[in-house]
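Comments concern the structure below.
Nothing in this text is a laboratory measurement; each read-out follows from the coordinates by a stated rule. Treat the numbers as computed from the prediction; the structure is a model and nothing was measured. Cβ coordinates were reconstructed from backbone atoms using ideal geometry, including for glycine residues, and neighbour counts include every protein chain displayed.
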Amino acid sequence: MGQKKPDQEFLEFVVKSIVQHPEDVKVERKVDEMGVLLSLKVNPQDMGTVIGRQGATAIAIRSLLRVVGQKNHARINLKIEEPAKVAKKEESEKESSSE
């Protein structure tokens, strides 16, 4: 696999610094006509930390990535992957408890 780009390394560093499970942080980088897309995956228990109250942490991370992108002449977008297994499990637990 290729060498990590500065934007990808920066995102990994920031997120690993704030979560409880840094070993589960994964960042995928794709480039297309819209710019750079960084897809972030974290441990389900760390989702609240990464998003923050009313999305404040996610907004701050996106702002920092915008600055990194400007420095490297790239438009950077961040997608925080929702852990599907956890979301589906919680929904099924809610349904079974309401019966």
**Message:** Using 5 Å bins from zero, what percent of all Cα-Cα pairs in region 20-79 falls into each bin?
**Reply:** 4, 18, 23, 26, 17, 10, 2
**Request:** Note down the nm distance, to one decimal, between modelled labels 7 Å out along Cα→Cβ at Glu82 and at Met34.
**Result:** 1.7 nm
**Asked** Taking the simple approach of a point 7 Å from Cα along Cα-to-Cβ for both His21 and Lys4, what is their distance in nm?
**Response** 1.9 nm
